[in-house]
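K.L.:
One structure coming up, written as structure tokens, with questions to follow.
FYI, it's all coordinate maths here, none of it is from the lab. Because the structure is a prediction, the values reported are computed rather than measured. Cβ coordinates were reconstructed from backbone atoms using ideal geometry, including for glycine residues, and neighbour counts include every protein chain displayed.
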Amino acid sequence: MSRNLALLTALLLASPAAAHHSWTAEYDMNKPVTVKGTVTKVEWTNPHTHFYVEAKDEKGVTTTWNFEMASTLSLERAGWSRKTVQPGDVVTITGFAGRNAVERAVASTMTSADGRELFVGKPGQ
């Protein structure tokens, strides 16, 4: 009986750790992207912060990109606040596109309209 209880406890405790995925499971490092556009929405949430950026391609077609970034704690430790990047700000973001949705990406760099490079965190933070 105690062996079964120990096994059940171990399985239950292992579940949350397994739920956090590797960034390479969702994003493809062979699909680099660079997007310049206007921030339309910020989701300052855990486990990862998301920035939605509306950008026009060379044909004038508008696409809304969902960029995943580091955790809010990692960004705060790097000096970010909820006011660092807000809707209406123009940014340039580089990263890697999603495996299943091209307009979803993990960010690797972010630059503000005035040229400031902003910390985004390493994938997986």
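K.L.:
Residue by residue, what Karplus-based ³J(HN,Hα) values in Hz, rounded to whole numbers, does segment 78-84 have, using 6.51, -1.76 and 1.60 with θ = phi - 60° and x for Gly and Pro?
P.N.:
8, x, 6, 9, 5, 9, 4
K.L.:
Relative contact order for segment 22-118: what percent, with Cα pairs under 8 Å and sequence separation of 6 or more?
P.N.:
So the answer I get is 32 percent.
K.L.:
Estimate the FRET efficiency between D114 and A25 by the formula 1/(1 + (r/R0)^6), using the beta-carbon distance for r and 30 Å for R0, to the nearest 0.05.
P.N.:
0.30
K.L.:
If you don't mind, another one. Between A78 and E43, what length in nm is gained on full extension when 0.36 nm per residue of separation is reduced by their alpha carbon distance?
P.N.:
So the chain would gain 10.9 nm between A78 and E43.
K.L.:
Which cross-chain or sequence-distant (5 or more) residues have an amide H under 5 Å from the amide H of W65, H modelled 1.01 Å from N in plane?
P.N.:
Residues meeting the amide H criterion: V53, E54, A55.
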